[in-house]
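Structure record follows, encoded as structure tokens.
The values are calculated or read from the model by the stated rules, or taken from the named source; none is laboratory data. As the structure is a prediction and not an experimental result, all values here were calculated from the model. Ideal geometry is used to build each Cβ from the backbone, glycine not excepted, and the neighbour counts take in all protein chains shown. Please note that ligands, DNA and RNA were not included when accessible areas were found on the heavy atoms of the full protein model with its side chains. Shrake-Rupley method; radii C 1.70, N 1.55, O 1.52, S 1.80 Å.
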Amino acid sequence: MEKYFKMVCSNFQKYQHNINTNYYDRDKIIISYYNPLTNYELGSLVSDKGYFSKVYNVKQYNTQLGEKSNYVMKISNPRDMTFLNEINILSTLKHNNVVKLKETYLYNNQYYLILQKGEGGNLYNYLNKNLVTERYAKKIMTQLSDAINYI
């Protein structure tokens, strides 16, 4: 993994002046080396409780349809080796009940992950605040076990 990290960083140094350069690695992960805020409008802070990362709401304006799409942007320090592992794992997961990775950027010595926004918030907080019927709990558990089985 450290060899992979050094390769990504060396490519970043090599291409940092070219605004449209992408790194295409052996696992078909595209890492763009330009400012992600050229494509997205930064919104409110969702979470800064992570040790190595912060999560923000972002909107991508679709010029063809004239509407904005909502995503979240996770920003992390590239020295965090677990973040590269997270990118590898998220890029392979394609399931309805798992958050999808849309794009990955490396800019100004930080990783930017654009992720599908999970509506409804944290399951733990939802269950603490709401009374859940047995039928609804069954639906939640089916979705959760289906996602875990897929992973």
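Among 92-103, 107-118, the peptide with the highest mean count of other Cβ atoms within 10 Å heads the list, and the full ranking is 107-118, 92-103.
For region 110-151, with all protein chains in place and a probe radius of 1.4 Å, 53% of the accessible heavy-atom surface sits on carbon or sulfur. Remark on residue 34: its backbone amide H falls under 5 Å from those of 106, a criterion applied only to residues 5 or more positions apart or on other chains, H modelled at 1.01 Å from N. Per residue, the solvent-accessible area of region 88-151 (1.4 Å probe, heavy atoms of protein chains only, all protein chains present) comes to 74 Å².
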